[in-house]
Amino acid sequence: KKEIYFIISAVPPPKKAGKCPPAPPGTMGTCPGKCSNDDDCSDDKKCCSNGCGHVCLKPAPPAEKPGECPALPPGTVGTCVEMCSNDDDCSDDKKCCSNGCGHVCLKPAPPAEKPGECPAVPPGTMATCVEMCSNDDDCSDNKKCCSNGCGHVCLKREWNYSRVVHITLW
């Protein structure tokens with residue numbers, strides 16, 4: 001008497017790159033499922049919800065997260081490994097940045113502060129409580145992100161000439 005054993009392993013098919021595009025709010029698609037996983041879809045298409053059933057769709061373009069990658073010092077050569085290909089591959093607010101050879105997930109560089117100062121807010125000022133900016137990078141041209149007494153808005157910068165240092169050369 002011979003015994004035969006079978007090992008059955010349920011390995012899900014590999015997922016294709018990218019993310020499904022979001023179904024617009026309130027969307028109710030057709031309910032018959034056209035796919036059950038990415039493997040059922042041709043080319044680079046993914047099996048995505050259409051609001052009711054699942055259909056094959058092209059992946060959504062990767063979203064770029066706000067901020068800039070930190071500047072690399074000249075001559076920097078990092079590990080030649082690709083840990084990410086776009087910002088979507090990175091967790092939280094991290095961005096996919098060059099390390100001098102490959103790409104890794106890094107926190108964005110802090111936004112640069114523009115020169116000049118915000119105008120003083122006179123005591124007792126009644127202003128609109130709105131957050132129109134969070135840092136100088138959110139403001140166009142030579143405007144700065146300033147408090148208006150309640151929120152933050154982009155205002156024309158001022159120069160404080162009392163802080164200018166004079167150097168006399170002889």
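The values are calculated or read from the model by the stated rules, or taken from the named source; none is laboratory data. Everything numeric in this text was worked out from a predicted model, so none of it was measured. Positions of Cβ are generated from backbone atoms using ideal geometry, with glycine treated the same way; all protein chains shown enter the neighbour counts.
Points worth noting:
- Answer from Val55, Val104, Val77 - the residue that is of a type in the set (Val, Ile, Thr) and under 21 Å from the mean Cα position of the chain (by Cα): Val104
- Matching entry among Asp136, Asp141 (being outside the structural domain of Pro70 (by TED's automatic domain parsing) and closer than 19 Å to Pro70 by Cα): Asp136
- Criterion (in a loop (DSSP other than H, G, I, E, B), assigned by TED's automatic domain parsing to the domain that holds Leu155 and surrounded by fewer than 16 Cβ atoms within 10 Å (Cβ to Cβ)) met by exactly one of Pro122, Pro74, Pro70: Pro122
- Number of positions in region 106-127 that are touching a strand residue (DSSP E or B) at 6+ places or on another chain (Cβ under 6 Å) and within 18 Å of Leu72 (Cβ to Cβ): 2
- Odd one out for Ala109, checked against (1) within 25 Å of Trp159 (Cα to Cα); (2) assigned to a loop (DSSP other than H, G, I, E, B): (1)
- Listed by first and then second residue, the pairs with beta-carbon distance under 9 Å, at least 6 apart or on different chains, first residue in region 98-127 and closer than 16 Å to Cys146 by Cβ, second of a type in the set (Phe, Trp, Tyr), are Pro115/Trp159; Gly116/Trp159; Glu117/Trp159.
- Residue count, region 87-100 (criterion: modelled with pLDDT of 90 or more and surrounded by 13 or more Cβ atoms within 10 Å (Cβ to Cβ)): 8
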